[in-house]
Amino acid sequence: MHFLATIRDSNMKRTLSKFTTVIVVVVIATGAFAQSPKRVLIDTDPGVDDAMALLLALNSPELKVEAITVVPGNVDSAQGLENALKIVSLAKRCDIPVARGARHPLNQKLITAQFWHGTNGLAGVELPPSDCKPDPHFGPDLIIEIIHKYPHEITLIPVGPLTNIALAVSKDPSIVALTKDIIIMGGSITGGNVNGAAEANIYNDPEAASIVFNAGWTVTMIGSDVGERTIITRPYLNELQSLHGPQSDFIAKLADFYLTRSEKSGYEGAAMYDPLAVGTAIDPTLVTLKEMHIDVETKGEFTRGETVANRMGSNENNVLHGDHYEIEGVIELKPNAKVCMASDAPRFLKLFIDRIKGK
Ligand SMILES: [Ca+2]
């Protein structure tokens, strides 16, 4: 009896094994693996361009938004949570957890940006009250939980100051090795947008940024310098306004406000900072990346918050000899970032408009 059962069992195993092989072959042949959406978690300080980035993600089949966490930056934490909940409600996606995170940066006072983003952070556009409720988790705890739920599958897309990500990494460093990818909007290797040196997301919490860049993963850095060469202009806005829908009309109003503000400052269009980070997750061929080592300046009088790029991959090794130092070779530096050097702006803008128009 036991012998017969073993035969049946092994026959069944062979049949199952063949069946599994057939499934694997079919899946590979049809490219079904390639089509499975990328699981992403967006950490955001909404924010005009954040709203654009969120709705781009929610309308892109390449991505599955597992959660949204809110960090203070463009607006304070309470306003940011309200904005994020209204945006997911507009997209009819109350299934996505939205959690409030940190209330302030790690080591300095919050600097909000209503000057650029309007009184409520969303160009003064009043969205209907949200049908969605906030997730009860603390944002960094939700980040940790989602990464453990889907090990090696989550792409983090932080598009605000890095406070929540730094808190998550500090509480549970094991998430670094379990994260598939991290694509930040932040930094610049050719001057800042806050002042001569610093980009706003890094400037708003340099200590957090330093923790994130030094955590042990390779950060894909979509900087403000490339965002400023990836701009939405009037012809794109006209195209967006050619079809109507609740999300499309909302984004058109934001884009109009944002463009008018940029034009007043002498620019021909508005920088698509945060949407380009989401675009990179959707289609990495939209950007050109270069590996290098990035340090975050946390002390400089004029350079606090600067992302200091080492393009050579080494520092000189200066050794004290009596009353002076001598260079004794170089100290190799491991790249900790893939820095965005350029974007295919027309292709990205077309993708953005196509995904939002008429929605
Ligand atoms: Ca942002």
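The values are calculated or read from the model by the stated rules, or taken from the named source; none is laboratory data. Computed from a predicted structure; not experimentally measured. Please note: Cβ atoms are built from the backbone with ideal geometry, for glycine as well, and neighbour counts cover all protein chains shown. Just so you know, the surface numbers come from the protein's heavy atoms only, side chains and all, with ligands and any DNA or RNA stripped out. Shrake-Rupley method; radii C 1.70, N 1.55, O 1.52, S 1.80 Å.
Just a few scattered comments:
- Taking the criterion of being surrounded by fewer than 20 Cβ atoms within 10 Å (Cβ to Cβ) and within 15 Å of residue 274 (Cβ to Cβ), the only residue of the stretch 193-227 that qualifies is 193.
- Selected residue (only one of 205, 181 is within 21 Å of residue 140 (Cβ to Cβ), charged (D, E, K, R) and within 15 Å of the ligand (Cβ to nearest atom)): 205
- Pair list, Cβ < 6 Å and 6+ apart or interchain, from the stretch 53-75 residues that are in contact (Cβ under 8 Å) with a residue 40 or more places away in the chain and in a loop (DSSP other than H, G, I, E, B) to residues that are open to solvent by 10 Å² or more (accessible area, probe 1.4 Å) and within 11 Å of the ligand (Cβ to nearest atom): 73/204; 74/113; 74/117
- Of the strands (runs of 3 or more DSSP E) entirely within the stretch 289-359, those holding at least 1 residues that are farther than 19 Å from residue 198 by Cα occupy 314-321, 324-332, 337-343.
- When residue 187 is tested against (1) within 16 Å of the ligand (Cβ to nearest atom); (2) on the phi > 0 side of the Ramachandran plot; (3) open to solvent by 10 Å² or more (accessible area, probe 1.4 Å), just one condition goes unmet, and that condition is (3).
- Picking from residues in the stretch 210-255 that are in contact with a Lys or Arg (Cβ under 6 Å, 6 or more places away or on another chain) and not in a loop (DSSP other than H, G, I, E, B), the one that is nearest to residue 296 (Cα to Cα) is 220.
- Among the candidates 237, 259, 243, residue that is open to solvent by less than 60 Å² (accessible area, probe 1.4 Å) and either closer than 22 Å to residue 59 by Cα or under 19 Å from the mean Cα position of the chain (by Cα) (or both): 237
- Per the conditions (1) farther than 24 Å from residue 108 by Cβ; (2) open to solvent by 20 Å² or more (accessible area, probe 1.4 Å), the sole criterion not satisfied by residue 171 is (1).
- The one condition from (1) part of a helix (DSSP H, G or I); (2) closer than 29 Å to residue 347 by Cα; (3) small (Gly, Ala, Ser) that residue 168 does not meet is (2).
- Residue 93, sole failed condition from (1) outside any helix (DSSP H, G or I); (2) within 16 Å of the ligand (Cβ to nearest atom); (3) open to solvent by 10 Å² or more (accessible area, probe 1.4 Å): (2)
- Residue among 316, 297 that alone is charged (D, E, K, R), modelled with pLDDT of 95 or more, under 22 Å from residue 211 (Cα atoms) and over 19 Å from the mean Cα position of the chain (by Cα): 297
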